[in-house]
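Input: a single structure, listed below in structure tokens.
The values are calculated or read from the model by the stated rules, or taken from the named source; none is laboratory data. Just so you know, these numbers come straight off a predicted model, no measurement behind them. All Cβ positions, glycine included, derive from the backbone under ideal geometry; neighbour counts span all protein chains shown.
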Amino acid sequence: MELNRSLEKIIVSKTRFKLLKLFFGRPKESFYIREVVRITGEELNSVRRELNNLKKSGVLQQEFRGNRVFYFPNQTHPLFQVLLSLVARVEGLGGKILASKSKLGEIKFVIFSGRFLRWADNQSDVDFLVVGRAVLPEIGELVVEEEARRGREINYAVMDLDEFKLRKRNRDPFLLNILMSSPVVILGNELELATT
């Protein structure tokens, strides 16, 4: 959870940090104020103030349904993808992978597809790729937890570094599909991924 603490220090408002984790950890959902208060455990006035700040900045949008105002991420905002990738490293499956990386084996890269981060329905696509010598039962446990949270099956692939290099060199369609789908490197270095 080192990255989580780092982000908390950068985003000084504890309430704003929790709101970003909530909205960008579940970007296809919308929430009303009392629901946000219940989920985050923050004070109503603090939540209301931060929702207003995020709406003014354009990061969140609102919609009136009956007597409730629902908030949701603005997918056209220039920082949408950046916030998704940041939150993916501290929340959900990405956060759990980073928190338990020492138990997962000698992993070089974990790459999430952009569709996976946006919670898009992609039953036939690979949601994420693990490169390295992985402890499959440990990864499987994390995946099962995330499947329960999302309510759908998660598709992932695991390959060792030599296979990754070979497939990349041979321009393997399977691997190119993953690498061309707005990928986010959760574990590993993006520059190193490009040159591997």
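For the reader, a short list of remarks on this structure follows.
- Every condition in (1) part of a helix (DSSP H, G or I); (2) out of contact with any Phe, Trp or Tyr (no Cβ under 8 Å at 6 or more places or on another chain); (3) modelled with pLDDT under 90 is met by Leu19 except one, and the failing one is (3).
- Qualifying positions in the stretch 42-73 - farther than 30 Å from Gly114 by Cβ and among the basic types (Lys, Arg): Arg48, Arg49, Arg68
- Hits in the stretch 74-92 - residues which are out of contact with any Pro (no Cβ under 9 Å at 6 or more places or on another chain), outside any loop (DSSP other than H, G, I, E, B) and either more than 14 Å from Gly114 (Cα to Cα) or touching a residue at least 60 places away in the same chain (Cβ under 8 Å) (or both): Gln81, Ser85, Leu86, Ala88, Gly92
- Taken together, the residues in the stretch 118-135 that are aliphatic (A, V, I, L, M) and either outside the structural domain of Met180 (by TED's automatic domain parsing) or in a loop (DSSP other than H, G, I, E, B) (or both) amount to 3.
- Some residue of the stretch 136-155 being in a strand (DSSP E or B) and under 20 Å from Glu91 (Cβ atoms): no
- Picking from residues in the stretch 68-102 that are touching a helix residue (DSSP H, G or I) at 6+ places or on another chain (Cβ under 6 Å) and at pLDDT 95 or above, the one that is nearest to Glu192 (Cα to Cα) is Pro73.
- Restricting attention to the stretch 43-65, the residues being surrounded by 19 or more Cβ atoms within 10 Å (Cβ to Cβ) and of a type outside the set (A, V, I, L, M) number 1.
- Any hit, the stretch 181-196, residues being assigned to a helix (DSSP H, G or I), without any contact (Cβ under 8 Å) to a residue 40 or more places away in the chain, within 20 Å of Phe80 (Cα to Cα) and outside the structural domain of Leu22 (by TED's automatic domain parsing): yes
- Test: Arg68 is in contact with a Lys or Arg (Cβ under 9 Å, 6 or more places away or on another chain), surrounded by fewer than 17 Cβ atoms within 10 Å (Cβ to Cβ) and at negative phi: yes
- Residues satisfying the stated conditions in the stretch 159-178, i.e. of a type in the set (A, V, I, L, M) and surrounded by fewer than 17 Cβ atoms within 10 Å (Cβ to Cβ): Leu161, Leu166, Leu176
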